[in-house]
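Data block below; observations after.
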Amino acid sequence: MKVNVGCRQLTMSELAQICGGILTFVGGEFNRDMPFSYVCTDSRETADGALFVALGGERVDGHDYIDAAISKGSGCVLCERIPNTVLDKKYVAVVVEDSLKAVGELAKAYDRRINHRKVAITGSVGKTTTKEFVASVLEESFRVHKTLGNYNSNIGMPLSMLSMSSDTEVSVLEMGMSGFGEIEYLSKIAEPDIAIITNVGSSHMGHLGSRENIGKAKLEIVKGLKKGGTLILNGDDDILRAYNNPDFNAIYVGIDNDCDFRAVNIREGIDKTTFDIVSSKRTVENVVIPTVGKHNVYAALFAYAVGMRMNVPDGMILRGLASYRPVGMRQNIYDLGKITVIEDCYNASPESMKAAIGVLSSVKRNKGKGRMLALLGNMYELGAQSESFHEQVGMYFAKAGGDALFTFGEVADHIAGGALLGGLDNERIFRNANVSDPALSGEMLLHSLREGDTLLVKASRGAAAERVIAYLRENQSRLCI
(Lines give C-alpha, C1' and ligand atoms only; values in the text may rest on other atoms or scores of the structure.)
Protein backbone atom coordinates (compact mmCIF):
# COMPACT_ATOMS: atom_id res chain seq x y z
CA MET A 1 0.00 0.00 0.00
CA LYS A 2 1.15 3.53 -0.81
CA VAL A 3 -0.48 6.96 -0.44
CA ASN A 4 0.58 10.53 -1.02
CA VAL A 5 0.28 12.76 2.04
CA GLY A 6 -2.54 15.01 0.94
CA CYS A 7 -2.10 18.14 3.04
CA ARG A 8 1.61 18.88 3.16
CA GLN A 9 4.91 17.19 3.82
CA LEU A 10 5.38 15.74 7.29
CA THR A 11 8.70 15.46 9.08
CA MET A 12 10.35 12.68 11.03
CA SER A 13 10.51 14.81 14.18
CA GLU A 14 6.74 15.39 13.92
CA LEU A 15 6.22 11.67 13.46
CA ALA A 16 8.29 10.88 16.55
CA GLN A 17 6.36 13.40 18.64
CA ILE A 18 2.94 12.17 17.47
CA CYS A 19 3.73 8.49 17.93
CA GLY A 20 5.86 8.77 21.05
CA GLY A 21 8.70 7.12 19.18
CA ILE A 22 12.46 7.47 19.36
CA LEU A 23 14.03 9.54 16.58
CA THR A 24 17.16 7.67 15.51
CA PHE A 25 19.86 8.70 13.06
CA VAL A 26 21.52 5.69 11.49
CA GLY A 27 24.84 6.03 9.72
CA GLY A 28 25.48 9.67 10.60
CA GLU A 29 23.83 12.98 11.43
CA PHE A 30 20.66 14.05 9.64
CA ASN A 31 18.28 16.96 9.63
CA ARG A 32 15.77 16.04 12.35
CA ASP A 33 13.11 17.66 10.17
CA MET A 34 13.72 15.25 7.32
CA PRO A 35 10.44 15.43 5.34
CA PHE A 36 8.40 12.71 3.68
CA SER A 37 5.59 13.28 1.21
CA TYR A 38 4.15 9.80 0.93
CA VAL A 39 3.81 6.69 3.07
CA CYS A 40 4.09 3.09 1.93
CA THR A 41 4.21 -0.41 3.39
CA ASP A 42 5.67 -2.10 0.29
CA SER A 43 9.42 -1.69 -0.22
CA ARG A 44 8.92 -2.05 -3.99
CA GLU A 45 7.00 1.23 -4.03
CA THR A 46 9.49 3.34 -2.10
CA ALA A 47 11.62 6.16 -3.51
CA ASP A 48 13.07 9.48 -2.41
CA GLY A 49 10.62 11.28 -0.15
CA ALA A 50 8.91 8.14 1.10
CA LEU A 51 8.33 6.96 4.64
CA PHE A 52 8.62 3.17 4.65
CA VAL A 53 6.53 1.56 7.37
CA ALA A 54 7.93 -1.78 8.52
CA LEU A 55 4.97 -3.80 9.76
CA GLY A 56 5.52 -6.92 11.82
CA GLY A 57 3.75 -10.12 10.81
CA GLU A 58 3.70 -13.86 11.29
CA ARG A 59 4.33 -14.69 7.64
CA VAL A 60 5.98 -11.51 6.32
CA ASP A 61 7.97 -9.12 8.46
CA GLY A 62 8.45 -5.66 6.98
CA HIS A 63 11.67 -5.23 8.93
CA ASP A 64 13.27 -7.72 6.54
CA TYR A 65 12.64 -5.24 3.72
CA ILE A 66 14.08 -2.06 5.26
CA ASP A 67 17.30 -2.60 3.32
CA ALA A 68 15.37 -2.86 0.04
CA ALA A 69 13.41 0.30 0.84
CA ILE A 70 16.57 2.28 1.60
CA SER A 71 18.21 0.98 -1.56
CA LYS A 72 15.30 2.40 -3.57
CA GLY A 73 15.86 5.86 -2.10
CA SER A 74 13.72 5.96 1.01
CA GLY A 75 15.54 7.88 3.72
CA CYS A 76 12.76 7.63 6.31
CA VAL A 77 11.68 4.50 8.19
CA LEU A 78 9.03 3.79 10.82
CA CYS A 79 9.85 0.54 12.58
CA GLU A 80 9.79 -1.45 15.81
CA ARG A 81 13.48 -2.30 15.74
CA ILE A 82 16.55 -1.60 13.63
CA PRO A 83 17.91 -4.86 12.15
CA ASN A 84 21.65 -5.45 12.26
CA THR A 85 21.62 -5.81 8.47
CA VAL A 86 20.93 -2.11 7.98
CA LEU A 87 23.22 -0.57 10.59
CA ASP A 88 25.69 0.42 7.86
CA LYS A 89 23.07 2.35 5.84
CA LYS A 90 22.29 6.04 6.18
CA TYR A 91 18.68 6.99 7.04
CA VAL A 92 16.38 8.40 9.71
CA ALA A 93 14.18 6.06 11.73
CA VAL A 94 11.41 6.49 14.26
CA VAL A 95 11.38 3.43 16.49
CA VAL A 96 8.06 2.58 18.17
CA GLU A 97 6.53 -0.34 20.05
CA ASP A 98 3.92 -1.03 17.37
CA SER A 99 4.26 0.28 13.79
CA LEU A 100 0.61 -0.34 12.97
CA LYS A 101 -0.65 1.65 15.96
CA ALA A 102 1.86 4.39 15.18
CA VAL A 103 0.35 4.84 11.70
CA GLY A 104 -3.06 5.05 13.36
CA GLU A 105 -1.86 7.77 15.73
CA LEU A 106 -0.32 9.65 12.81
CA ALA A 107 -3.59 9.45 10.86
CA LYS A 108 -5.61 10.69 13.83
CA ALA A 109 -3.28 13.65 14.42
CA TYR A 110 -3.26 14.48 10.71
CA ASP A 111 -7.06 14.23 10.54
CA ARG A 112 -7.52 16.65 13.44
CA ARG A 113 -5.67 19.36 11.52
CA ILE A 114 -8.45 19.48 8.94
CA ASN A 115 -11.81 21.03 9.78
CA HIS A 116 -14.26 18.47 8.41
CA ARG A 117 -17.07 16.10 9.31
CA LYS A 118 -16.78 12.34 9.06
CA VAL A 119 -19.06 9.49 8.05
CA ALA A 120 -17.91 5.97 8.97
CA ILE A 121 -19.39 2.84 7.39
CA THR A 122 -19.16 -0.82 8.34
CA GLY A 123 -21.31 -3.93 7.89
CA SER A 124 -21.11 -7.48 6.58
CA VAL A 125 -22.29 -6.66 3.04
CA GLY A 126 -22.52 -3.46 1.04
CA LYS A 127 -19.89 -1.29 2.75
CA THR A 128 -18.20 -0.11 -0.43
CA THR A 129 -21.45 0.38 -2.34
CA THR A 130 -22.85 2.42 0.54
CA LYS A 131 -19.63 4.44 0.72
CA GLU A 132 -19.89 5.27 -2.97
CA PHE A 133 -23.57 6.23 -2.71
CA VAL A 134 -22.92 8.43 0.34
CA ALA A 135 -19.95 10.12 -1.34
CA SER A 136 -21.95 10.66 -4.52
CA VAL A 137 -24.70 12.44 -2.56
CA LEU A 138 -22.37 14.56 -0.44
CA GLU A 139 -20.26 15.58 -3.43
CA GLU A 140 -23.24 17.62 -4.60
CA SER A 141 -22.68 20.03 -1.67
CA PHE A 142 -19.22 19.41 -0.19
CA ARG A 143 -15.60 18.70 -1.02
CA VAL A 144 -15.48 15.00 -0.17
CA HIS A 145 -12.68 12.57 0.59
CA LYS A 146 -13.57 8.88 0.54
CA THR A 147 -11.72 5.71 1.39
CA LEU A 148 -9.38 4.77 -1.41
CA GLY A 149 -10.41 1.56 -3.19
CA ASN A 150 -10.54 -1.21 -0.61
CA TYR A 151 -8.36 0.58 1.96
CA ASN A 152 -10.67 -0.37 4.85
CA SER A 153 -8.30 -2.43 7.04
CA ASN A 154 -6.35 -1.54 10.21
CA ILE A 155 -3.57 -0.16 8.02
CA GLY A 156 -5.58 0.75 4.91
CA MET A 157 -8.06 3.16 6.48
CA PRO A 158 -5.40 5.22 8.33
CA LEU A 159 -3.35 5.42 5.12
CA SER A 160 -6.44 6.61 3.27
CA MET A 161 -6.97 9.30 5.90
CA LEU A 162 -3.40 10.51 5.36
CA SER A 163 -4.17 11.11 1.68
CA MET A 164 -6.91 13.61 2.51
CA SER A 165 -6.41 17.14 1.14
CA SER A 166 -6.53 20.21 3.39
CA ASP A 167 -9.73 21.56 1.81
CA THR A 168 -11.77 18.43 2.62
CA GLU A 169 -15.16 19.24 4.13
CA VAL A 170 -16.47 15.70 4.62
CA SER A 171 -14.67 12.35 4.66
CA VAL A 172 -16.45 9.04 4.07
CA LEU A 173 -14.53 6.17 5.63
CA GLU A 174 -15.08 2.46 5.16
CA MET A 175 -14.16 0.07 7.97
CA GLY A 176 -13.61 -3.66 7.52
CA MET A 177 -12.84 -6.29 10.12
CA SER A 178 -12.32 -9.98 10.73
CA GLY A 179 -12.48 -10.12 14.54
CA PHE A 180 -13.25 -8.30 17.75
CA GLY A 181 -11.50 -5.00 18.47
CA GLU A 182 -10.76 -3.99 14.89
CA ILE A 183 -13.77 -1.73 14.30
CA GLU A 184 -13.28 -0.15 17.73
CA TYR A 185 -9.67 0.59 16.81
CA LEU A 186 -10.63 2.20 13.48
CA SER A 187 -13.56 4.12 14.96
CA LYS A 188 -11.38 5.66 17.66
CA ILE A 189 -8.94 6.81 14.97
CA ALA A 190 -11.66 8.27 12.76
CA GLU A 191 -13.88 9.79 15.49
CA PRO A 192 -16.90 9.99 13.14
CA ASP A 193 -19.89 12.32 13.39
CA ILE A 194 -22.14 9.81 11.62
CA ALA A 195 -21.78 6.01 11.70
CA ILE A 196 -23.55 3.51 9.44
CA ILE A 197 -23.93 -0.25 9.90
CA THR A 198 -25.32 -1.75 6.70
CA ASN A 199 -26.25 -5.19 8.11
CA VAL A 200 -25.05 -8.17 10.13
CA GLY A 201 -24.42 -11.20 7.95
CA SER A 202 -22.38 -14.40 7.92
CA SER A 203 -19.00 -13.10 6.77
CA HIS A 204 -16.24 -14.01 9.27
CA MET A 205 -18.44 -16.62 10.92
CA GLY A 206 -15.31 -18.78 11.03
CA HIS A 207 -13.62 -16.26 13.34
CA LEU A 208 -16.54 -15.04 15.42
CA GLY A 209 -18.83 -18.06 15.58
CA SER A 210 -22.28 -16.45 15.41
CA ARG A 211 -24.23 -13.56 13.94
CA GLU A 212 -24.67 -12.20 17.44
CA ASN A 213 -20.89 -11.94 17.82
CA ILE A 214 -20.53 -10.45 14.35
CA GLY A 215 -23.13 -7.87 15.39
CA LYS A 216 -21.16 -7.02 18.54
CA ALA A 217 -18.02 -6.57 16.43
CA LYS A 218 -19.80 -4.26 13.97
CA LEU A 219 -21.38 -2.23 16.77
CA GLU A 220 -17.91 -1.37 18.04
CA ILE A 221 -18.19 1.53 15.60
CA VAL A 222 -19.93 3.50 18.38
CA LYS A 223 -16.72 3.43 20.46
CA GLY A 224 -15.31 6.35 18.48
CA LEU A 225 -18.60 7.98 17.44
CA LYS A 226 -18.77 11.49 18.82
CA LYS A 227 -21.09 12.06 21.77
CA GLY A 228 -24.46 13.05 20.37
CA GLY A 229 -23.50 11.69 16.97
CA THR A 230 -25.83 9.94 14.56
CA LEU A 231 -26.03 6.17 14.17
CA ILE A 232 -27.79 4.97 11.00
CA LEU A 233 -28.88 1.34 11.09
CA ASN A 234 -30.62 -1.20 8.88
CA GLY A 235 -34.09 -1.44 10.37
CA ASP A 236 -34.74 -4.75 8.60
CA ASP A 237 -31.82 -6.45 10.36
CA ASP A 238 -33.01 -8.21 13.52
CA ILE A 239 -29.78 -7.66 15.45
CA LEU A 240 -29.46 -3.98 14.57
CA ARG A 241 -33.14 -3.32 15.12
CA ALA A 242 -32.81 -4.55 18.71
CA TYR A 243 -29.84 -2.28 19.50
CA ASN A 244 -30.43 0.67 21.79
CA ASN A 245 -27.96 3.29 22.94
CA PRO A 246 -29.20 6.57 24.45
CA ASP A 247 -25.86 8.28 23.79
CA PHE A 248 -26.56 8.54 20.06
CA ASN A 249 -29.32 9.62 17.72
CA ALA A 250 -30.50 6.47 15.94
CA ILE A 251 -31.96 6.57 12.43
CA TYR A 252 -33.36 3.42 10.84
CA VAL A 253 -33.69 2.78 7.12
CA GLY A 254 -35.36 -0.20 5.51
CA ILE A 255 -37.76 -1.78 3.08
CA ASP A 256 -39.71 -4.45 4.96
CA ASN A 257 -40.33 -2.72 8.30
CA ASP A 258 -41.55 0.67 9.45
CA CYS A 259 -38.44 2.88 9.54
CA ASP A 260 -37.46 6.55 9.61
CA PHE A 261 -36.76 6.26 5.89
CA ARG A 262 -38.46 3.43 4.04
CA ALA A 263 -38.32 2.49 0.35
CA VAL A 264 -41.65 1.50 -1.19
CA ASN A 265 -43.06 0.96 -4.68
CA ILE A 266 -39.74 -0.44 -5.94
CA ARG A 267 -39.60 -0.89 -9.73
CA GLU A 268 -36.60 -2.47 -11.42
CA GLY A 269 -35.50 -2.05 -15.02
CA ILE A 270 -32.56 -3.58 -16.85
CA ASP A 271 -30.08 -0.98 -15.60
CA LYS A 272 -31.93 1.19 -13.08
CA THR A 273 -34.26 1.06 -10.09
CA THR A 274 -37.01 3.54 -9.27
CA PHE A 275 -38.66 3.77 -5.84
CA ASP A 276 -40.31 6.14 -3.38
CA ILE A 277 -38.96 7.09 0.04
CA VAL A 278 -41.47 7.45 2.87
CA SER A 279 -40.62 9.26 6.10
CA SER A 280 -42.72 10.57 8.97
CA LYS A 281 -42.89 13.99 7.35
CA ARG A 282 -43.35 13.29 3.62
CA THR A 283 -42.91 11.02 0.63
CA VAL A 284 -40.27 11.55 -2.03
CA GLU A 285 -41.44 9.94 -5.25
CA ASN A 286 -39.54 8.46 -8.18
CA VAL A 287 -36.06 8.23 -6.71
CA VAL A 288 -33.81 6.74 -9.41
CA ILE A 289 -30.55 4.87 -8.98
CA PRO A 290 -28.58 3.57 -12.01
CA THR A 291 -28.33 -0.02 -10.79
CA VAL A 292 -30.57 -2.91 -9.77
CA GLY A 293 -30.98 -5.11 -6.72
CA LYS A 294 -32.64 -4.69 -3.33
CA HIS A 295 -29.23 -4.36 -1.65
CA ASN A 296 -28.55 -1.24 -3.71
CA VAL A 297 -31.82 0.29 -2.55
CA TYR A 298 -30.58 -0.11 1.04
CA ALA A 299 -27.31 1.63 0.12
CA ALA A 300 -29.25 4.50 -1.46
CA LEU A 301 -31.43 4.80 1.66
CA PHE A 302 -28.33 5.13 3.84
CA ALA A 303 -27.03 7.84 1.52
CA TYR A 304 -30.38 9.64 1.56
CA ALA A 305 -30.43 9.59 5.38
CA VAL A 306 -26.89 11.01 5.52
CA GLY A 307 -27.81 13.74 3.04
CA MET A 308 -30.85 14.71 5.09
CA ARG A 309 -28.82 14.67 8.33
CA MET A 310 -26.28 17.01 6.72
CA ASN A 311 -28.93 19.33 5.29
CA VAL A 312 -28.26 18.61 1.65
CA PRO A 313 -31.25 19.85 -0.41
CA ASP A 314 -33.57 17.17 -1.78
CA GLY A 315 -32.79 17.92 -5.39
CA MET A 316 -29.06 17.53 -4.78
CA ILE A 317 -29.57 14.26 -2.89
CA LEU A 318 -31.58 12.80 -5.77
CA ARG A 319 -29.02 14.01 -8.29
CA GLY A 320 -26.24 12.43 -6.25
CA LEU A 321 -28.08 9.10 -6.08
CA ALA A 322 -28.60 9.15 -9.84
CA SER A 323 -24.87 9.87 -10.33
CA TYR A 324 -23.71 6.74 -8.50
CA ARG A 325 -21.30 4.48 -10.38
CA PRO A 326 -20.11 1.02 -9.24
CA VAL A 327 -16.40 0.59 -8.54
CA GLY A 328 -13.96 -2.25 -9.06
CA MET A 329 -15.51 -5.62 -9.82
CA ARG A 330 -18.78 -4.93 -8.02
CA GLN A 331 -21.93 -5.60 -10.01
CA ASN A 332 -20.73 -4.30 -13.35
CA ILE A 333 -23.38 -5.15 -15.94
CA TYR A 334 -22.36 -5.07 -19.57
CA ASP A 335 -22.75 -6.87 -22.88
CA LEU A 336 -20.07 -9.26 -24.04
CA GLY A 337 -20.88 -10.15 -27.59
CA LYS A 338 -24.40 -11.56 -27.62
CA ILE A 339 -24.68 -12.16 -23.87
CA THR A 340 -25.08 -9.95 -20.81
CA VAL A 341 -22.49 -10.32 -18.04
CA ILE A 342 -22.94 -9.38 -14.39
CA GLU A 343 -19.38 -9.16 -13.09
CA ASP A 344 -19.38 -9.22 -9.29
CA CYS A 345 -16.04 -10.80 -8.44
CA TYR A 346 -14.73 -8.58 -5.67
CA ASN A 347 -15.98 -10.68 -2.78
CA ALA A 348 -18.80 -12.97 -1.70
CA SER A 349 -20.82 -14.05 1.32
CA PRO A 350 -24.06 -16.04 1.50
CA GLU A 351 -26.03 -12.81 1.70
CA SER A 352 -24.28 -11.09 -1.21
CA MET A 353 -24.50 -14.26 -3.31
CA LYS A 354 -28.27 -14.32 -2.87
CA ALA A 355 -28.49 -10.60 -3.59
CA ALA A 356 -26.51 -11.09 -6.82
CA ILE A 357 -28.78 -13.96 -7.86
CA GLY A 358 -31.69 -11.58 -7.30
CA VAL A 359 -30.04 -9.08 -9.64
CA LEU A 360 -29.50 -11.83 -12.21
CA SER A 361 -33.18 -12.75 -12.04
CA SER A 362 -34.23 -9.11 -12.37
CA VAL A 363 -31.99 -8.42 -15.37
CA LYS A 364 -33.17 -11.56 -17.15
CA ARG A 365 -36.81 -10.74 -16.43
CA ASN A 366 -36.51 -7.19 -17.72
CA LYS A 367 -34.67 -8.30 -20.84
CA GLY A 368 -37.57 -10.59 -21.57
CA LYS A 369 -35.37 -13.16 -23.28
CA GLY A 370 -32.50 -15.56 -22.74
CA ARG A 371 -31.60 -17.79 -19.80
CA MET A 372 -30.22 -17.29 -16.30
CA LEU A 373 -26.71 -18.73 -15.93
CA ALA A 374 -24.28 -18.30 -13.04
CA LEU A 375 -20.68 -19.17 -12.32
CA LEU A 376 -20.50 -19.23 -8.52
CA GLY A 377 -17.24 -19.83 -6.68
CA ASN A 378 -15.81 -20.45 -3.23
CA MET A 379 -16.85 -18.35 -0.26
CA TYR A 380 -14.28 -18.16 2.54
CA GLU A 381 -14.17 -17.56 6.32
CA LEU A 382 -17.54 -19.22 6.99
CA GLY A 383 -16.32 -21.67 9.60
CA ALA A 384 -18.11 -24.89 10.49
CA GLN A 385 -21.22 -23.84 8.60
CA SER A 386 -19.41 -23.34 5.30
CA GLU A 387 -20.87 -26.43 3.63
CA SER A 388 -24.40 -25.49 4.68
CA PHE A 389 -24.02 -21.88 3.50
CA HIS A 390 -22.78 -23.02 0.09
CA GLU A 391 -25.67 -25.46 -0.22
CA GLN A 392 -28.14 -22.69 0.64
CA VAL A 393 -26.77 -20.54 -2.18
CA GLY A 394 -27.17 -23.38 -4.67
CA MET A 395 -30.72 -24.05 -3.53
CA TYR A 396 -31.51 -20.33 -3.77
CA PHE A 397 -30.24 -20.25 -7.36
CA ALA A 398 -32.37 -23.23 -8.31
CA LYS A 399 -35.50 -21.84 -6.62
CA ALA A 400 -34.93 -18.48 -8.36
CA GLY A 401 -35.30 -20.20 -11.71
CA GLY A 402 -31.66 -20.55 -12.69
CA ASP A 403 -31.18 -22.40 -15.99
CA ALA A 404 -27.57 -23.55 -15.66
CA LEU A 405 -25.01 -23.46 -12.85
CA PHE A 406 -21.21 -23.52 -13.11
CA THR A 407 -19.30 -23.96 -9.85
CA PHE A 408 -15.71 -22.77 -9.44
CA GLY A 409 -13.59 -24.22 -6.63
CA GLU A 410 -13.59 -27.24 -4.38
CA VAL A 411 -15.78 -25.73 -1.66
CA ALA A 412 -18.18 -24.42 -4.30
CA ASP A 413 -19.04 -28.01 -5.14
CA HIS A 414 -21.50 -27.76 -2.25
CA ILE A 415 -23.30 -25.03 -4.22
CA ALA A 416 -23.90 -27.67 -6.89
CA GLY A 417 -25.25 -30.02 -4.23
CA GLY A 418 -27.66 -27.38 -3.02
CA ALA A 419 -28.85 -26.68 -6.56
CA LEU A 420 -29.64 -30.39 -6.98
CA LEU A 421 -31.65 -30.31 -3.76
CA GLY A 422 -33.43 -27.22 -5.09
CA GLY A 423 -34.56 -29.07 -8.20
CA LEU A 424 -31.98 -28.12 -10.84
CA ASP A 425 -31.26 -31.05 -13.15
CA ASN A 426 -27.78 -32.55 -12.86
CA GLU A 427 -27.16 -32.16 -16.61
CA ARG A 428 -27.46 -28.39 -16.15
CA ILE A 429 -24.77 -28.27 -13.46
CA PHE A 430 -21.09 -27.98 -14.46
CA ARG A 431 -18.32 -28.29 -11.87
CA ASN A 432 -14.72 -27.18 -11.80
CA ALA A 433 -13.05 -27.84 -8.44
CA ASN A 434 -9.73 -26.30 -9.47
CA VAL A 435 -9.61 -22.49 -9.11
CA SER A 436 -6.16 -22.51 -10.71
CA ASP A 437 -7.76 -23.60 -14.01
CA PRO A 438 -10.15 -20.80 -15.07
CA ALA A 439 -9.83 -21.94 -18.69
CA LEU A 440 -11.76 -25.11 -17.87
CA SER A 441 -14.72 -23.08 -16.63
CA GLY A 442 -14.32 -20.76 -19.59
CA GLU A 443 -14.58 -23.67 -22.02
CA MET A 444 -17.66 -25.01 -20.25
CA LEU A 445 -19.32 -21.62 -20.65
CA LEU A 446 -18.27 -21.22 -24.27
CA HIS A 447 -20.01 -24.48 -25.09
CA SER A 448 -23.14 -23.60 -23.09
CA LEU A 449 -23.90 -19.91 -23.60
CA ARG A 450 -26.51 -18.87 -26.15
CA GLU A 451 -27.48 -15.55 -27.66
CA GLY A 452 -29.51 -13.46 -25.20
CA ASP A 453 -28.30 -15.26 -22.05
CA THR A 454 -27.41 -13.41 -18.86
CA LEU A 455 -24.38 -14.69 -16.92
CA LEU A 456 -23.57 -13.86 -13.30
CA VAL A 457 -19.97 -14.42 -12.19
CA LYS A 458 -19.42 -14.18 -8.43
CA ALA A 459 -17.01 -15.61 -5.85
CA SER A 460 -14.84 -14.55 -2.94
CA ARG A 461 -11.73 -12.54 -3.78
CA GLY A 462 -9.46 -15.54 -3.23
CA ALA A 463 -11.05 -17.40 -6.13
CA ALA A 464 -10.30 -14.58 -8.61
CA ALA A 465 -13.27 -15.55 -10.77
CA GLU A 466 -12.68 -12.56 -13.05
CA ARG A 467 -10.09 -14.77 -14.79
CA VAL A 468 -12.98 -16.76 -16.25
CA ILE A 469 -14.47 -13.57 -17.72
CA ALA A 470 -11.04 -12.70 -19.12
CA TYR A 471 -10.96 -16.10 -20.84
CA LEU A 472 -14.38 -15.42 -22.37
CA ARG A 473 -13.15 -12.05 -23.64
CA GLU A 474 -10.07 -13.64 -25.19
CA ASN A 475 -12.32 -16.15 -26.95
CA GLN A 476 -15.23 -13.83 -27.67
CA SER A 477 -15.26 -14.89 -31.34
CA ARG A 478 -16.39 -18.35 -30.19
CA LEU A 479 -19.29 -17.07 -28.07
CA CYS A 480 -22.75 -18.07 -29.26
CA ILE A 481 -21.72 -19.58 -32.61
- Message: Condition first: assigned to a loop (DSSP other than H, G, I, E, B) and open to solvent by less than 50 Å² (accessible area, probe 1.4 Å). Now tell me which residues in segment 34-55 satisfy that.
- Response: Met34, Ser37, Thr41, Asp42, Thr46, Ala47, Gly49, Ala54, Leu55
- Considering only segment 72-85, how many residues are without any contact (Cβ under 8 Å) to a residue 40 or more places away in the chain and within 18 Å of Arg32 (Cα to Cα)? 4
- Within segment 48-65, which residues are among the aromatic types (Phe, Trp, Tyr) and within 15 Å of Ala102 (Cβ to Cβ)? Phe52
- Residue, farthest from Glu381 (Cα to Cα), within segment 217-227, restricted to residues that are open to solvent by 40 Å² or more (accessible area, probe 1.4 Å) and part of a loop (DSSP other than H, G, I, E, B): Lys227
- Task: State all residues of segment 20-33 that are at pLDDT 85 or above, closer than 13 Å to Val77 by Cβ and either surrounded by 15 or more Cβ atoms within 10 Å (Cβ to Cβ) or not β-branched (Val, Ile, Thr) (or both); if no residue qualifies, say none.
- Result: Gly21, Leu23, Thr24, Phe25, Val26
- Message: So Val94 passes all but one of these: (1) β-branched (Val, Ile, Thr); (2) in contact with a strand residue (DSSP E or B) (Cβ under 7 Å, 6 or more places away or on another chain); (3) not in a strand (DSSP E or B). Which condition number does it fail?
- Response: (3)
- Of all the residues that make up segment 240-277, how many are at pLDDT below 90, of a type in the set (A, V, I, L, M, F, W, C) and closer than 29 Å to Thr340 by Cβ? 1
- Task: Would you mind finding the one in Gly370, Gly383, Gly401, Gly417 that is at positive phi, surrounded by fewer than 23 Cβ atoms within 10 Å (Cβ to Cβ) and in contact with an Asp or Glu (Cβ under 7 Å, 6 or more places away or on another chain)?
- Result: Gly370
- Looking at (1) among the small types (Gly, Ala, Ser); (2) surrounded by fewer than 17 Cβ atoms within 10 Å (Cβ to Cβ); (3) closer than 30 Å to Glu132 by Cα, find the lone condition where Gly73 falls short. (3)
- For strands (runs of 3 or more DSSP E) lying entirely in segment 252-355, having 2 or more residues that are open to solvent by less than 40 Å² (accessible area, probe 1.4 Å) and farther than 28 Å from Phe142 by Cα picks out 339-344
- What pairs come up if the first residue lies in segment 54-71 and is at positive phi, the second is among the polar types (S, T, N, Q) and open to solvent by 50 Å² or more (accessible area, probe 1.4 Å), and their beta carbons are under 9 Å apart, counting only those six or more places apart or on different chains? none
- Message: Within segment 3-19, take every residue that is within 32 Å of the chain's Cα centre (by Cα) and free of Cβ contacts under 8 Å to residues at least 60 places away in the same chain and give me the one that is least open to solvent (accessible area, probe 1.4 Å).
- Response: Thr11
- Going by the conditions given, is Asn296 modelled with pLDDT under 90 and within 25 Å of Asn150 (Cα to Cα)? no
- The condition from (1) free of Cβ contacts under 8 Å to residues at least 40 places away in the same chain; (2) among the acidic types (Asp, Glu); (3) in contact with a strand residue (DSSP E or B) (Cβ under 7 Å, 6 or more places away or on another chain) that Glu174 misses is numbered (1)
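The values are calculated or read from the model by the stated rules, or taken from the named source; none is laboratory data. Since the model is a prediction, treat every value here as computed from it, not as a measurement. Every residue, glycine among them, receives a Cβ derived from its backbone with ideal geometry; neighbour counts consider all protein chains shown. All accessible areas refer to the heavy atoms of the entire protein, side chains included, with ligands and DNA or RNA removed. Shrake-Rupley method; radii C 1.70, N 1.55, O 1.52, S 1.80 Å.
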